[in-house]
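> There's a structure below that I have some questions on.
The values are calculated or read from the model by the stated rules, or taken from the named source; none is laboratory data. Since the model is a prediction, treat every value here as computed from it, not as a measurement. Here the Cβ positions follow ideal geometry from the backbone for every residue, glycine too, while neighbour counts run over all protein chains shown. For the accessible areas, the whole protein counts, side chains as well, though only heavy atoms, and no ligand, DNA or RNA atoms are used. Shrake-Rupley method; radii C 1.70, N 1.55, O 1.52, S 1.80 Å.
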Amino acid sequence: MSLVSIIVPVYNGEKSIDRCITSILGQTYKDFELILLDDGSTDSSGAICDSYGEKDGRIRVVHKDNTGVSDTRNQGIAMARGEYLQFVDCDDWITREATEFFMRAAAEYQCDMIIADFYRVVGERVSQKGDIEEEGLMDRAGYAVKMMEKPADFYYGVLWNKFYRRSIIEKYQLKMDNSISWCEDFLFNLEYVRHARSIYALKFPVYYYVKTKGSLVSQGISMKKTIQMKRTVFACYNDFYKDVFDDKDYEKRRGQVYRFLFDAAGDGMVSPLSLQGNYRLGDERTSVSEGAQEGEGIFFDSYRERKLQEKLLDIVAIRNELTVVDVKLLYYLSQFHESCTYKEMADILNISGRSLSAAVQRLLAKEMIAVKVQEKDAVKTKGKNKEKVKEKSKGKSPDERSIALQRKTRLKEYVVTQEAETILSEMLFALCDLEQIVYEGFSPEEIELYEKLNERKKQNIKKAIRT
């Protein structure tokens with residue numbers, strides 16, 4: 001377990017700070033400190049922070065004069081004790097797995113920075129955002145090449161979708177630049193990446209970003225100062241690539257480097273984020289109603305168990321651009337089982353026939369499953385069976401009779417391909433997480449007893465169904 005310092009600058013956020021803090025305290029990863037820095041708020045934000053600080057020993061609250069978000073973050077960095085740093089803005093909130101996913105990647109790959117997808121929230125609509133298409137590890141140069149494609153985008157520019165190693169920040173005395181109010185996060189990231197050996201791209205949205213800031217003009221910044229700030233930012237961006245690449249490679253990529261000037265030409269920090277494929281807020285993840293969470297009885301118990309499974313499978317689905325139904329079907333097909341009809345398969349997976357058909361088509365299109373066609377050895381068409389076939393064929397055209405015969409003589413069996421191996425591996429982790437949740441607080445003896453009793457229960461149910 002490594003301590004994580006989560007830094008939250010707070011300024012007049014009384015309408016959103018509860019949601020922000022609650023999302024952090026609800027993290028599945030528990031070993032963190034939360035540093036709440038009240039930057040001279042004139043509303044009740046400071047009092048709200050204090051109330052949380054009194055209830056949870058992991059929270060440190062600081063009240064300070066208003067000096068701006070950059071200086072406030074610098075103070076948070078100076079106070080931090082964690083091995084890793086995570087940033088959250090008080091207008092926003094994080095998914096409950098955010099810190100755990102960051103820590104898993106940091107521990108497994110020993111990387112210096114992790115960059116993750118996020119959700120952009122506009123009113124009641126939400127869309128997933130991420131520029132690096134494939135999850136994986138890359139070196140500094142590989143990351144720089146990716147950034148060239150969308151150099152002025154939020155994904156690369158902000159702090160809150162990233163995870164930092166504090167030792168690097170301390171060693172090179174990295175700080176937020178207080179002198180500018182545009183792209184200050186981006187400049188910090190450029191300096192940090194200069195000293196990072198490896199970066200991991202996490203294909204899972206960990207953050208809900210709510211657009212609240214206005215443009216540079218709306219902030220009252222003059223055109224002269226705006227141009228000056230943009231020149232400063234580009235100079236740092238250009239120097240970054242000169243440092244990452246040798247002279248020959250830099251010359252080859254100079255045109256791509258200068259693309260930043262075009263992408264950042266708009267008034268504001270970054271290029272607009274696409275809202276394609278957006279959801280209504282709350283529909284982007286598997287959710288359970290509060291009433292269902294507290295209900296009693298066999299139906300509520302089975303519902304909650306199913307929803308917990310779906311919430312964990314939802315993580316796998318999002319990371320691989322699938323639906324929960326797709327993931328459930330993949331896992332079902334990967335297990336040894338007797339061939340079932342579509343109706344039986346839909347019943348087992350607790351989904352509609354239409355949802356099952358759609359999932360099959362999506363998985364076939366992604367080449368994660370394939371159709372294995374087996375010819376039946378023979379079709380019994382003598383005696384009564386032959387008469388039944390003739391009876392059912394009455395009134396049908398030759399083509400319809402041919403199709404009906406094909407359905408009887410050919411058996412479709414869907415098989416999982418190698419393309420799905422990574423997803424199946426992720427599902428095993430999800431099932432391990434499920435076991436940890438279900439058995440939390442159990443002693444080894446209690447787990448063993450529970451499994452024995454549960455096996456007897458399953459056998460009794462099987463016996464009852466057969467009779």
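> Got a sec? Which of LEU261, LEU312, LEU275 is surrounded by 11 or more Cβ atoms within 10 Å (Cβ to Cβ) and modelled with pLDDT of 85 or more? First the steps, then the outcome.
Details: LEU261 fails: modelled with pLDDT of 85 or more; LEU275 fails: modelled with pLDDT of 85 or more.
Residue meeting the stated conditions: LEU312.
> Here is a follow-up. All but one of (1) of a type outside the set (A, V, I, L, M); (2) open to solvent by 20 Å² or more (accessible area, probe 1.4 Å); (3) outside any loop (DSSP other than H, G, I, E, B) hold for ASP177, so report the exception by its number.
(3)
> Right, next: Could you list, in sequence order, all residues of the range 290-299 that are surrounded by 10 or more Cβ atoms within 10 Å (Cβ to Cβ) and assigned to a loop (DSSP other than H, G, I, E, B)?
From the range 290-299, those surrounded by 10 or more Cβ atoms within 10 Å (Cβ to Cβ) are 292-293, 295, 299; that's our starting set.
Scanning the range 290-299 gives a single hit, GLY295.
> While we're looking at this one, here's another question. Select, from ILE35, ILE48, ILE59, the only residue that is closer than 29 Å to GLY282 by Cα and touching a Phe, Trp or Tyr at 6+ places or on another chain (Cβ under 6 Å). If you could, list the steps in order and put the result at the bottom.
Values: ILE35 fails: touching a Phe, Trp or Tyr at 6+ places or on another chain (Cβ under 6 Å); ILE48 fails: touching a Phe, Trp or Tyr at 6+ places or on another chain (Cβ under 6 Å).
Unique residue meeting the criteria: ILE59.
> Can you pull out the residues in the range 33-58 that are surrounded by fewer than 21 Cβ atoms within 10 Å (Cβ to Cβ), under 29 Å from the mean Cα position of the chain (by Cα) and not in a helix (DSSP H, G or I)?
Result: GLU33, ASP56, GLY57, ARG58.
> Another question, if that's okay. Quick one: count up the residues across the range 209-252 that are in a loop (DSSP other than H, G, I, E, B), modelled with pLDDT of 80 or more and in contact with a strand residue (DSSP E or B) (Cβ under 9 Å, 6 or more places away or on another chain). Can you show your working first?
From the range 209-252, those in a loop (DSSP other than H, G, I, E, B) are 211-222, 245-246; that's our starting set.
Remaining after also requiring modelled with pLDDT of 80 or more: 245-246.
Then drop every residue that is not in contact with a strand residue (DSSP E or B) (Cβ under 9 Å, 6 or more places away or on another chain), which leaves none.
Final tally of qualifying residues: 0.
> If you scan the range 183-214, which residues turn out to be closer than 22 Å to PHE260 by Cα and of a type in the set (S, T, N, Q)?
The answer is ASN189, and nothing else.
> Are any of the residues in the range 29-52 among the aromatic types (Phe, Trp, Tyr) and farther than 22 Å from TYR200 by Cα?
Within the range 29-52, one or more residues are among the aromatic types (Phe, Trp, Tyr) and farther than 22 Å from TYR200 by Cα.
> Please give the number of the condition ARG401 fails out of (1) at pLDDT 85 or above; (2) of a type outside the set (Ser, Thr, Tyr); (3) surrounded by 12 or more Cβ atoms within 10 Å (Cβ to Cβ).
With respect to (1) at pLDDT 85 or above; (2) of a type outside the set (Ser, Thr, Tyr); (3) surrounded by 12 or more Cβ atoms within 10 Å (Cβ to Cβ), ARG401 is out only on (1).
> Moving to a separate point now. Can you list residue pairs whose Cβ atoms sit under 7 Å apart, with the first residue in the range 93-113 being touching a residue at least 24 places away in the same chain (Cβ under 8 Å) and under 16 Å from GLY82 (Cα atoms) and the second being open to solvent by 10 Å² or more (accessible area, probe 1.4 Å) and outside any strand (DSSP E or B)? Count only pairs 6 or more apart in sequence or on different chains.
Pairs that qualify, where the first residue is touching a residue at least 24 places away in the same chain (Cβ under 8 Å) and under 16 Å from GLY82 (Cα atoms) and the partner is open to solvent by 10 Å² or more (accessible area, probe 1.4 Å) and outside any strand (DSSP E or B), are THR99/TYR29; GLU100/THR28; GLU100/TYR29; MET103/SER2; MET103/TYR29; ASP112/ILE168; ASP112/ARG197.
> Report, by residue number, each residue of the range 319-360 that is touching a residue at least 60 places away in the same chain (Cβ under 8 Å) and either within 18 Å of CYS432 (Cβ to Cβ) or not in a helix (DSSP H, G or I) (or both). Spell out how you get there, then give the answer.
Taking the range 319-360 as the starting set, the residues that turn out to be touching a residue at least 60 places away in the same chain (Cβ under 8 Å) are 319-320, 322, 327, 330-331, 333-334, 339.
Answer for the range 319-360, where residues must be touching a residue at least 60 places away in the same chain (Cβ under 8 Å) and either within 18 Å of CYS432 (Cβ to Cβ) or not in a helix (DSSP H, G or I) (or both): ARG319, ASN320, LEU322, VAL327, LEU330, TYR331, SER334, SER339.
> Related question: So, in the range 408-467, of the ones that are among the polar types (S, T, N, Q) and touching a strand residue (DSSP E or B) at 6+ places or on another chain (Cβ under 8 Å), which residue ends up surrounded by the fewest Cβ atoms within 10 Å (Cβ to Cβ)? Break it down stepwise before answering.
The initial filter retains those residues of the range 408-467 that are among the polar types (S, T, N, Q), namely 409, 417-418, 422, 425, 436, 443, 454, 459-460, 467.
Filter again for touching a strand residue (DSSP E or B) at 6+ places or on another chain (Cβ under 8 Å), leaving 409, 417.
Numbers: THR409: 12, THR417: 14.
Only one residue fits best here, namely THR409.
> Taking ASP112 as the residue in question, decide whether it is over 20 Å from VAL193 (Cα atoms), in contact with a strand residue (DSSP E or B) (Cβ under 9 Å, 6 or more places away or on another chain) and charged (D, E, K, R).
Details: over 20 Å from VAL193 (Cα atoms): no; in contact with a strand residue (DSSP E or B) (Cβ under 9 Å, 6 or more places away or on another chain): yes; charged (D, E, K, R): yes.
Judged against the criteria, ASP112 is not a match.
> Right, something else. Looking at (1) modelled with pLDDT of 85 or more; (2) under 22 Å from ALA141 (Cα atoms); (3) not in a loop (DSSP other than H, G, I, E, B), which is the one condition that is false for VAL206?
For VAL206, the failing item is (2).
> Select from the range 1-22 the residues that are among the small types (Gly, Ala, Ser) and touching a helix residue (DSSP H, G or I) at 6+ places or on another chain (Cβ under 8 Å) and write down the one among them that is farthest from LYS55 (Cα to Cα). It would help to see each step written out before you state the result.
First pass over the range 1-22, keeping only residues among the small types (Gly, Ala, Ser): 2, 5, 13, 16.
Cutting the leftovers down to touching a helix residue (DSSP H, G or I) at 6+ places or on another chain (Cβ under 8 Å) gives us 2, 5, 13.
Values: SER2: 23, SER5: 18, GLY13: 20 Å.
Among residues in the range 1-22 that are among the small types (Gly, Ala, Ser) and touching a helix residue (DSSP H, G or I) at 6+ places or on another chain (Cβ under 8 Å), the one farthest from LYS55 (Cα to Cα) is SER2.
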